[in-house]
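J.: Have a look at the structure that comes next, please.
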Amino acid sequence: MKSVIVLLGPPGSGKGTQGEKLSEELGYTRLSTGDMLREAVRNGTELGKKAKEYMDSGALVPNDLIIGLMKEKIAQAKGGVILDGFPRTVEQADALAEQLDVDLALNLDVADEELITRLTKRRSCPQCNAVYHLVYNPPKSEGVCDKCGSALYQRDDDKEETVTNRLKVYRENTMPLIAYYEKKGTLVTIPGVGSIDEIYSKVEKAVQ
Ligand code: AP5
């Protein structure tokens with residue numbers, strides 16, 4: 001079983017959705033930089049204050065803020081880890097490689113038009129970070145998280161113009177990691193379209 005898994009893929013490709021299912025099934029620690037940064041923004045920490053402006057525009061938060069944070073979280077994690085949203089630049093990938101070997105880089109491949117539909121209708125839980133979709137994966141009770149009962153919200157960066165910029169930033173900064181991990185022999189690309197369960201069965205095979 002692969003024990004250090006990196007989830008790659010554009011915004012909205014399903015990294016959070018699949019990563020959460022996988023961490024529940026395998027008992028691995030899921031480390032999501034996006035969730036950590038949003039929590040820091042909500043709590044008004046120094047990191048949150050610095051990160052907010054970048055996140056709101058769909059830009060990446062500077063490498064120096066992210067790398068130190070993730071090094072610490074990875075060092076604290078026990079057992080297998082699923083990295084969701086990190087690394088996102090070659091510099092971050094090199095920093096990660098100094099700390100541990102990645103067993104599997106799982107790349108979820110989804111076309112831009114589908115990503116925009118997914119993100120603009122996404123609803124998120126501020127408490128437990130569960131994600132829903134108004135059409136594809138609605139909560140049982142409208143506006144309420146199935147898992148913890150909190151009121152769902154729409155992320156500030158899920159507005160269409162910000163989504164478009166996030167896709168551009170992804171292509172310029174994060175897409176090169178596909179070739180990076182291919183060269184290392186750890187890349188598996190999965191078409192990220194179809195039902196959440198159909199995709200998950202392919203994810204499960206890739207981690208064996
Ligand atoms: P982050 O939170 O990591 O955002 P992201 O990578 O853009 O990814 P998303 O969370 O938007 O999408 P996802 O792939 O997890 O899809 P999801 O499962 O939710 O980062 C946010 C910001 O933080 C960045 O822009 C940046 O500023 C900063 N940041 C984070 N990490 C950083 C780093 N390392 N360096 C620098 N800056 C960093 O699914 C999306 C929707 O689709 C949901 O509604 C879901 O229900 C639905 N869905 C999922 N699967 C399916 C399916 N199969 N069919 C239909 N709908 C589906």
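The values are calculated or read from the model by the stated rules, or taken from the named source; none is laboratory data. Treat the numbers as computed from the prediction; the structure is a model and nothing was measured. Cβ placement follows ideal geometry from the backbone for every residue including glycine, while neighbour counts extend to all protein chains displayed. SASA here: full protein model, heavy atoms, side chains in, ligands and nucleic acids out. Shrake-Rupley method; radii C 1.70, N 1.55, O 1.52, S 1.80 Å.
J.: What strands (runs of 3 or more DSSP E) completely inside the range 107-208 contain at least 1 residues that are touching a His at 6+ places or on another chain (Cβ under 7 Å) and touching a residue at least 40 places away in the same chain (Cβ under 8 Å)? Quick ask: steps written out before the conclusion?
T.: Numbers: elements: 122-124, 131-133, 187-191.
Where strands (runs of 3 or more DSSP E) fall fully within the range 107-208 and carry at least 1 residues being touching a His at 6+ places or on another chain (Cβ under 7 Å) and touching a residue at least 40 places away in the same chain (Cβ under 8 Å), they are 122-124.
J.: Here is a list of conditions, (1) without any contact (Cβ under 8 Å) to a residue 60 or more places away in the chain; (2) farther than 16 Å from residue 156 by Cβ; (3) within 14 Å of the chain's Cα centre (by Cα), and residue 24 meets all of them except one; can you say which number that is?
T.: Every listed condition holds for residue 24 apart from (3).
J.: Which residues, counting only those in the range 181-208, are within 14 Å of the ligand (Cβ to nearest atom), open to solvent by 40 Å² or more (accessible area, probe 1.4 Å) and of a type outside the set (Lys, Arg)? Break it down stepwise before answering.
T.: Within the range 181-208, the first condition is being within 14 Å of the ligand (Cβ to nearest atom), and the residues that meet it are 190-203.
Now restrict to residues that are open to solvent by 40 Å² or more (accessible area, probe 1.4 Å): 191, 193-198, 201-202.
Correct list: 191, 193, 194, 195, 196, 197, 198, 201.
Matching residues to (1) open to solvent by 70 Å² or more (accessible area, probe 1.4 Å); (2) under 19 Å from the mean Cα position of the chain (by Cα); (3) closer than 24 Å to residue 192 by Cα:
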site: 95; (1), (2), (3): no, yes, no
site: 108; (1), (2), (3): no, yes, yes
site: 112; (1), (2), (3): no, yes, yes
site: 135; (1), (2), (3): yes, no, yes
site: 149; (1), (2), (3): no, no, no
site: 159; (1), (2), (3): yes, yes, yes
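J.: Could you list, in sequence order, the residues of the range 161-180 that are among the aromatic types (Phe, Trp, Tyr) and either closer than 18 Å to residue 110 by Cβ or open to solvent by 50 Å² or more (accessible area, probe 1.4 Å) (or both)? Step through it out loud before you land on a result.
T.: Residues of the range 161-180 that are among the aromatic types (Phe, Trp, Tyr), as a first pass: 170, 180.
Matches in the range 161-180: 170 only.
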